[in-house]
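Everything below concerns the one structure shown next.
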Amino acid sequence: MRNEKEFEMELLRRLAREYAGRKRRSEILSEYVELTGLKRPTAQKRFRRYLFKDGVSNKRGKRGRKKLYRNAHREIVKLCWEYLLCPCAERLHPVLNDTVERLIQEGLLIGYSQAVIEEAKGVSLGTLKRIIGGFEKPIFRRKHRGNSFIHSQVPIEADFGKNAYREPGYVEVDFVEHKGGRTEGRFAITGVYTDLSSQWTVRACGYGKNLESIRQIDERANGRIPFRVVHYHPDNDQSILRALFERAKQTPGVKLSRSRPYKKNDNAHVEQKGGDKVRKLVGYRRFDTLEDVSLLNEIYEVA
């Protein structure tokens, strides 16, 4: 006759498969406890040990949702994140698709399949927050000071030059300072507005870089653009962003984005016009009076 231990093990083997199925787990456990006289927690441990040893329970895998995004997706997101100088998820998510396309054009995603790239484009905002939360935060040379609100409201767009192949209305904006190598006091500044498609360039001068002066420059420049502007793209100067942000907010259908900090090539068209249409015309000397500002505006009217 088989002893008591052999009986328990034989019974365990017969019931283990059905116990692993979880449909009648409680009934099977009660039956096993009744036949063997063991306590219920002891019987549960015995089933678990037997199932793991026999490999039955391993087929179920881990509980919870299956992971949709793998390391390859996180690497693509990190490339986009670094390309735009590490913005938060809320600012990266609206431009994620465009940034991925830009990386493809520059050959930075050659090692990834098209399926993985398309899946990375579909990352939700919540998932993007979790992915970016795992990245090591960089230390920049400096941060934007003062009113950081405006920078959080205006998204970064690194590939604004693609709009050169569209209809007129996509305008890069930059400002040239006439300080003559000295930063003290107020001096004249010239606003340069360049349309990417037509290369139409407008210049207007103001006295100082305060918000009121920038507004006056913006009004004068926009009054000389013969078509409707649909998208402005300046650098990261707060006064410029504030004036254009107010204009975009008051004008339906007008968009506003900004270039990446320390990346002049993001505004390459208007940067070139600043040298060709301003510096070559009026030079590098200092203009720091209202008479100078008036004369510069007269020159720009006829140049």
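The values are calculated or read from the model by the stated rules, or taken from the named source; none is laboratory data. Note that the structure is a prediction, hence the values are computed from the model and not measured. Here the Cβ is made from the backbone with ideal geometry for all residues, glycine too, and neighbour counts use every protein chain on show. Protein only, heavy atoms only, side chains kept; ligands, DNA and RNA dropped before computing areas. Shrake-Rupley method; radii C 1.70, N 1.55, O 1.52, S 1.80 Å.
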message: What distance in nm separates the two pseudo spin-label positions at ARG182 and THR251, each 7 Å out from Cα along the beta-carbon direction?
response: 3.7 nm
field: Helix 4-20 vs. the chain, principal-axis angle (Cα, 0 to 90°, nearest 10)
entry: 40 degrees
message: Once you order the gyration tensor axes a ≥ b ≥ c over the Cα atoms, which shape class does the range 143-279 get: rounded for a/c under 1.5, otherwise prolate or oblate by comparing a/b with b/c?
response: rounded
query: Which value at 222 nm does the chain reach when only helices count, each DSSP H run of 4 or more adding -39,500 (n - 2.57), with the total divided by all residues and rounded to the nearest 500 deg cm²/dmol?
result: -13500 deg cm²/dmol
- request: Counting only chymotrypsin sites (Phe, Trp or Tyr not before Pro) that are in a DSSP loop and have at most 16 other C-beta atoms within 10 Å, tell me the longest site-free stretch of the chain.
  value: 1-134
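Taking every DSSP beta bridge with both residues inside the range 135-290, roughly what % is antiparallel (nearest 5)?
Working: 16 of 22 bridges.
Counting only bridges with both partners in the range 135-290, antiparallel ones make up about 75 percent.
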- prompt: When DSSP beta bridges are limited to those with both residues in the chain, what percentage is antiparallel, rounded to the nearest 5?
  reply: 75 percent
query: If you line up the long axis of helix 40-54 against the longest principal axis of the chain, both from Cα atoms, how many degrees apart are they, to the nearest 10?
result: 70 degrees
- request: Scan around SER197 for amide H atoms under 5 Å from its own, H built in the peptide plane at 1.01 Å from N, and keep only partners 5 or more places away or cross-chain.
  value: GLY169, TYR170
task: Compute the distance in nm between two label points, each set 7 Å from the Cα along the Cα-to-Cβ direction, one at LEU85 and one at ARG40.
output: 6.3 nm
- prompt: Counting only heavy atoms of protein chains, what accessible area per residue, in Å², does the chain have with a probe of 1.4 Å?
  reply: 60 Å²
message: Could you work out how much longer the chain between VAL33 and LEU11 gets when fully extended? Use 0.36 nm per residue separation minus the Cα distance between them, nm to one decimal.
response: 6.8 nm
statement: Charge dipole of the chain built from unit charges on the beta carbon (Lys, Arg +1; Asp, Glu -1), centred at mean Cα; most positive-end Cα among ALA120, LEU12, LEU96 is LEU12
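Can you compute the charge dipole magnitude of the range 235-303 about its Cα centre, using +1 on each Lys and Arg Cβ and -1 on each Asp and Glu Cβ, nothing else charged? Give it in debye, rounded to the nearest 20.
On the way: 14 positive and 11 negative charges, 93 e Å.
Using Cβ point charges on Lys, Arg, Asp and Glu, the range 235-303 gives about 440 debye.
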query: If you take the Cα Rg of the range 241-296 and divide it by 2.2 N^0.38 Å, with N the number of residues, what do you get?
result: 1.51
query: If contacts are Cα pairs under 8 angstrom and at least 6 residues apart, what is the relative contact order of the chain in percent?
result: 15 percent
query: Farthest toward the dipole's positive end in the chain, which of ALA72, LEU85, GLY161, given Cβ charges of +1 (Lys, Arg) and -1 (Asp, Glu) about the Cα centre?
result: ALA72
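Nearest 20 debye, what's the magnitude of the dipole of the range 144-299 about its Cα centre given +1 on Lys and Arg Cβ and -1 on Asp and Glu Cβ? Walk me through the intermediate numbers first.
Details: 26 positive and 21 negative charges, 34 e Å.
Using only the charged Cβ atoms, the result is roughly 160 debye.
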Estimated FRET transfer efficiency (GLU291, ASP98; beta-carbon r; R0 51 Å; 0.05): 0.65
- line: If every Lys and Arg gets +1 and every Asp and Glu gets -1 at its Cβ, then about the Cα centre the range 112-223 yields a dipole, in debye to the nearest 20, of 600 debye
task: Scan the range 170-199 for GluC sites (Glu not before Pro) in coil per DSSP, keeping those whose Cβ has at most 15 other Cβ atoms within 10 Å, and list them by number.
output: GLU184
- prompt: Here are several values of mean projected area of the Cα convex hull in nm²: (1) 14.4; (2) 13.6; (3) 24.5. Which one was derived from the coordinates shown?
  reply: (3)
task: Report the label-to-label distance for ARG25 and PHE149 in nanometres (one decimal), using points 7 Å from each Cα along the Cα→Cβ vector.
output: 5.4 nm
